[in-house]
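Okay, so here's the structure we're looking at.
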Amino acid sequence: MKNYKNRTHGFEIDIPKHWPDPIELTPESLMFNCTPRESLNFVVGPLIPERLSEYTEFEFRQYAQKKGYSNLDFGRISVGNKNHVWARYNMRGLWTKKYMIVFGGIEYSITATCYFPEMLTEMEKVWDAIVGSFLLSKEREEYIAYLNLKRSQVAGELYAQAYELISRGMYMEACNLLNQCLENDPDHILAHKELAFILKNTGDVKGALPHRQIVKRLDPSDKVNRFNLAGILAMLGERETALQEIEELLLMEPDNPMFNSLRKVVLERLI
């Protein structure tokens with residue numbers, strides 16, 4: 001193996017010695033021309049807020065079903081003292097494994113594809129070793145530390161600690177800290193948002209509702225929160241209230257495709 005460093009995106013990774021350096025496809029993506037048997041590419045982009053692992057699985061499952069992928073399976077890989085999600089699937093005859101590595105609000109999506117299915121097991125061991133060697137650069141780690149410091153200064157130390165726990169999948173511990181935040185400051189908007197996010201995506205949709213409602217009261221202009229509020233109301237069967245929320249959002253942004261799509265879904269359920 002040899003070490004490859006990418007200063008633009010702030011990471012390094014070990015790759016097989018015979019692999020050439022990657023080709024930059026766009027400023028956010030690059031591809032390793034591995035061998036005729038396989039391909040591996042990176043796509044780097046923001047992911048804020050960071051997703052719960054279970055929600056990452058849910059989102060990708062919906063995407064895979066829409067694309068017609070088959071044999072979908074999920075697992076975890078440890079990188080940088082955190083567990084990250086991987087998904088293995090058959091993409092129209094090609095076996096593919098996608099690693100969704102997330103640090104500091106940035107997702108490094110690494111997709112490996114095998115062109116000879118009988119060699120999948122052998123190649124997958126190599127891919128796991130490559131992804132497992134992923135390291136952030138010193139500069140990127142310092143930047144993440146700076147973001148954590150700013151988060152602590154803006155939102156408080158308890159919230160900053162909870163945010164870190166969420167990124168490591170420690171949701172119960174994070175909820176305890178977020179509830180402490182609210183004991184100290186019942187109007188802590190960010191704590192309400194994180195609790196709503198965790199509760200909804202761990203199955204407690206009803207528990208998430210009051211947190212979204214409080215955020216709406218504190219900041220009615222937060223359209224993302226109100227979109228999530230409308231979705232929760234629809235999930236709980238309060239479709240007319242959800243539709244009213246969506247109509248108010250459309251007054252603010254009539255051409256927003258997400259608002260219009262949710263409106264269509266809710267209307268179909270009302271018929």
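Evaluated against (1) closer than 27 Å to Gln161 by Cβ; (2) without any contact (Cβ under 8 Å) to a residue 60 or more places away in the chain, Glu107 falls short on exactly one condition, (2).
Glu183 passes every criterion in (1) surrounded by fewer than 15 Cβ atoms within 10 Å (Cβ to Cβ); (2) touching a residue at least 24 places away in the same chain (Cβ under 8 Å); (3) of a type in the set (Asp, Glu) apart from (2). I'd like to know if region 102-110 contains one or more residues that are touching a helix residue (DSSP H, G or I) at 6+ places or on another chain (Cβ under 8 Å) and farther than 15 Å from His9 by Cβ. Scanning region 102-110 turns up no residue that is touching a helix residue (DSSP H, G or I) at 6+ places or on another chain (Cβ under 8 Å) and farther than 15 Å from His9 by Cβ. Looking across Phe227, Phe134, Phe197, one residue alone is under 30 Å from Asp14 (Cβ atoms) and either in contact with a Pro (Cβ under 7 Å, 6 or more places away or on another chain) or buried (at least 16 other Cβ atoms within 10 Å of the Cβ) (or both). It is Phe134. Checking each residue in region 29-57 for being farther than 20 Å from Leu94 by Cβ and modelled with pLDDT of 90 or more picks out only Val44. Residues in region 208-215: is at least one at negative phi, exposed (fewer than 14 other Cβ atoms within 10 Å of the Cβ) and either of a type in the set (Gly, Ala, Ser) or in the same structural domain as Met100 (by TED's automatic domain parsing) (or both)? Within region 208-215 (the criterion being at negative phi, exposed (fewer than 14 other Cβ atoms within 10 Å of the Cβ) and either of a type in the set (Gly, Ala, Ser) or in the same structural domain as Met100 (by TED's automatic domain parsing) (or both)), the answer is no, since none of the residues qualifies.
Just one of the listed residues (Tyr159, Tyr163) is outside the structural domain of Cys34 (by TED's automatic domain parsing), within 18 Å of the chain's Cα centre (by Cα) and at pLDDT below 90, namely Tyr163.
Set side by side, the residues Leu243, Leu209 differ, and just one is modelled with pLDDT under 95 and in contact with a helix residue (DSSP H, G or I) (Cβ under 8 Å, 6 or more places away or on another chain), which is Leu243.
For Tyr99, state whether it is under 28 Å from Met172 (Cβ atoms), without any contact (Cβ under 8 Å) to a residue 40 or more places away in the chain and among the hydroxyl-bearing types (Ser, Thr, Tyr). It is true that Tyr99 is under 28 Å from Met172 (Cβ atoms), without any contact (Cβ under 8 Å) to a residue 40 or more places away in the chain and among the hydroxyl-bearing types (Ser, Thr, Tyr). Does at least one position in region 8-19 carry a residue that is without any contact (Cβ under 8 Å) to a residue 24 or more places away in the chain and either among the aromatic types (Phe, Trp, Tyr) or not in a loop (DSSP other than H, G, I, E, B) (or both)? Yes, the conditions are met somewhere in region 8-19.
On the given criteria, is Gly93 touching a Pro at 6+ places or on another chain (Cβ under 9 Å), farther than 30 Å from Leu165 by Cβ and not hydroxyl-bearing (Ser, Thr, Tyr)? So Gly93 passes the test.
The values are calculated or read from the model by the stated rules, or taken from the named source; none is laboratory data. Every value quoted in this text rests on a predicted model; they were computed, and no experiment measured them. We place every Cβ from the backbone using ideal geometry, glycine too, and count neighbours over all the protein chains shown.
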